[in-house]
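In what follows, a single structure is set out as structure tokens and then discussed.
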Amino acid sequence: MSWGHVTSPDLLVWTRGSKRPVLLRDEEYDAAGVFTGCFLPVEKGAKELTVFYSSIRQLPFHWTTPPYPRDAAGLSAATSTDGGRTWQKSPHNPIIKGEPEDVQVSGFRDPYIAPWEVLDELRGTKEKMLYSIISGGMQDAGPTSFLYATTYDNIGEFEYLRPLVTPSARFQPSEHWSGNYGMNWECTNFMTLSNNATSKHFLILGAEGDVERKHVSEHPSPPGCPGRTVRAQLWMSGDVTCSKDDNDKEDIKISYKAGGFLDHGSYYAANSFHDPRTNRRVVYGWIPEEDATPEHAAVQGWNGALALPRELFLLTISSVTRALNSPLNEVTCFEVEAGEVEDGLKQLHTLGIRPIEELNQLQQSCHEFFESQPISLSSSTPTSAVSGRLTKPAWELQATIILTEKSCSSVGFHIRNTRSKRIRSTISFDLAKETIKVARNESVSTKNFNNCPEQGPFTLFYTRESGSKEEEVLEKLRLRIIFDGDVCEVFANDRFALATMVYSVDGPAQEYEVVAFAEDVMDGVRFEEAKMWDGLNGMKSLLIEDVATGNGI
């Protein structure tokens, strides 16, 4: 594995300078691979870029095949003075030769390095520090991230502090609302997110384990498909503390208070950065393709994709009375503010996630835009087609749906092939099960794909104005669905994301209709708004040629 190089002024249009790698595995300490890493945060006006990466000296290794070979992976750095086209490796490499000496690890790689103000405050440092976490786990004990510290003027030396967090093996606070935190972690990032006067500390992480979600494990892959790797893209939040242990050493840790899925689909290996221009946290992730045969990938010409860039933020919901069905204290992906605000109302905090705002620009040059009149569904009319037909592979649907707890059992959309209406994919919200689901079992006529459903927990909340005598109000369901060929990404209410592959019919260009539906309708359902953009960005590629080097894409 080596690193390539692409650049973008807006996180939408990307330019690749060369098809050849720019950061190579050409030293003894990284001869087996230049694995995942990150950029050192860049100060305004800086002339030099610095990256840190996992320098792999020895392969293979995996948490399932102990013992992990000692010093198989370390931490190394490289700098660039020409915007990342060429790189010079640090003479101090490997800066960290391998894992801590007193630990038998199950993994040790994927560094994330950034300032973290809360640790400076707790440790009482005299200067602004940089902190690094290297993901992994401790053999037979559970996952963790190893915490290091360094200074801006001496990034060639790192001080090992301790494991930042030590959940038990296969830690899972809730079977429904929380993912399983597994046995070994990858690509852990730390961050503090704030809104108004409230701040919360978060980790995002890739959890490797051996406990698969039921909706996946109950649908085995067909012959020829590689089968899914058991892993999940998760997050957790909690309090960061620093005390002294019995040997007068710093005991720094983050304790779990809430957590859940960063993405409920096959999305993985998320990495984030702070955008200083907009003061926001941007995250990228990978959508692997383990549901198709190698032969399909060969014909397609590629395998796997990066998901749309997303913004992470602290989401607070105020004046909450209750969730749709579950007791609030069981919805473990929310932190319920201690004590009642007043009038029995609660304040909830969670990790917010949504596509970055720049993606709205792709709508402006779409081929066709459709906006439906409000749609009302009843027991006698449980379905209704949304205005317009989709004829391009890249499109977007946004909808706002008004519900009550007795509206129906489930509500959503069928994306239906107009030539063969039995071929469809379905995106729905099950009110009783508090679950959003992408049903893929009818999306293609052949059986050469693993079309298990993709789904994740989601609920709506009732709120009431403080001091008001009005009845509580159920929040509206806001769905955003974006397709790019077979890539499907679903977002809901700025706190739910699901990315997956929905394989479509082979052959000539297909036409699809979008049908709003509700099942077991009782009180009625109203689609207040439904908008579609067909042919996003005019179907022009977002990956372009670098004129300076003449490399075609």
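Over the C-alpha trace of region 157-253, radius of gyration and Dmax come out as 17.4, 57 angstrom. From the P(r) of region 270-311, could you give the percentage of C-alpha pairs in the tail past 16 Å? When every Cα pair of region 270-311 is considered, 50 percent fall beyond 16 Å. Stokes-Einstein, applied to the Kirkwood radius of region 418-471 over Cα pairs at a viscosity of 1.306 mPa s and 10 °C, places its translational diffusion at 113 µm² s⁻¹.
Distances between placed amide hydrogens fall under 5 Å for LEU314 paired with SER194, GLY352, all partners being 5 or more residues away or on another chain.
Within the accessible surface of the chain, defined with a 1.4 Å probe on protein heavy atoms only, the carbon and sulfur portion equals 48 percent. If the chain linking ASN360 and ALA31 were pulled fully straight, counting 0.36 nm for each residue of separation and taking away their Cα-Cα distance, it would gain 114.2 nm. Our note on the geometry: Cα centres of region 403-444 and region 138-205, 36 Å apart.
Over the chain, give the accessible area per residue in Å² for a 1.4 Å probe, as an integer.
45 Å²
Per the Kirkwood formula applied to alpha carbons, region 456-536 shows a radius of gyration over Rh ratio, Rg over Rh, of 1.06. Counted residue by residue at 0.36 nm each, then reduced by the alpha carbon distance between them, the extension gain from LYS244 to THR383 reaches 43.8 nm. Mean residue ellipticity, 222 nm, helices only, the chain: the sum of -39500 (n - 2.57) across DSSP H runs of n ≥ 4, divided by residue count and rounded to 500, is -1000 deg cm²/dmol. Going down the list LYS47/LYS128; LYS97/LYS249; LYS257/LYS531; LYS47/LYS244; LYS447/LYS476, which pairs span over 28 Å between their C-alpha atoms? Over 28 Å Cα-Cα: LYS257/LYS531; LYS47/LYS244; LYS447/LYS476.
For HIS215 and LEU543, the FRET efficiency from 1/(1 + (r/R0)^6), where r spans their Cβ atoms and R0 equals 30 Å, is about 0.35.
Summarising the label geometry, the points placed 7 Å from Cα in the beta-carbon direction at SER466 and LYS433 lie 3.8 nm from one another. Explain nothing, just compute: Karplus ³J(HN,Hα) = 6.51 cos²θ - 1.76 cosθ + 1.60, θ = phi - 60°, for every residue of region 522-530 in order, whole Hz, x for Gly and Pro. Coupling constants for region 522-530: 10, 7, x, 10, 10, 7, 5, 8, 8 Hz. For region 1-78, taking the reciprocal of the average inverse distance between every pair of different Cα atoms yields a Kirkwood hydrodynamic radius of 14.4 Å.
Between region 292-318 and region 377-399, the alpha-carbon centres lie 24 Å apart. Once the gyration tensor of the Cα atoms in the chain is diagonalised, the equivalent ellipsoid follows with semi-axes of 39, 30, 22 Å, ordered largest first.
Note on region 112-187: Kirkwood radius taken over Cα pairs, Stokes-Einstein applied at 37 °C and 0.692 mPa s, translational D equal to 238 µm² s⁻¹.
All C-alpha to C-alpha distances of region 404-553, sorted into 5 Å bins beginning at zero, yield P(r) values of 2, 7, 15, 18, 17, 14, 10, 6, 5, 3, 2, 1, 0, 0 percent in whole numbers. Volume per residue for region 10-155 equals 160 cubic angstrom (convex hull of Cα atoms). From the P(r) of region 31-114, can you give the percent of Cα pairs sitting at distances over 21 Å? That fraction is 33 percent. Largest first, the extents of the alpha carbon coordinates of region 208-317 on the three principal axes equal 58, 39, 32 Å. Equivalent ellipsoid of region 263-386: semi-axes from √(5λ) of the C-alpha gyration tensor, largest first, are 33, 25, 19 Å. Listed peptides 404-415, 1-12 appear in the order 404-415, 1-12 once ranked by packing, highest mean of other Cβ atoms within 10 Å at the front. Between LEU306 and ALA46, the modelled label-to-label distance comes to 1.8 nm, taking each label 7 Å out from Cα in the direction of the beta carbon.
Under a 5 Å amide H cut-off, with hydrogens placed 1.01 Å from N, SER178 pairs with nothing among residues at least 5 apart or on other chains.
The values are calculated or read from the model by the stated rules, or taken from the named source; none is laboratory data. Quick caveat, the model's predicted, so the values are computed rather than measured. Every residue, glycine among them, receives a Cβ derived from its backbone with ideal geometry; neighbour counts consider all protein chains shown. Protein only, heavy atoms only, side chains kept; ligands, DNA and RNA dropped before computing areas. Shrake-Rupley method; radii C 1.70, N 1.55, O 1.52, S 1.80 Å.
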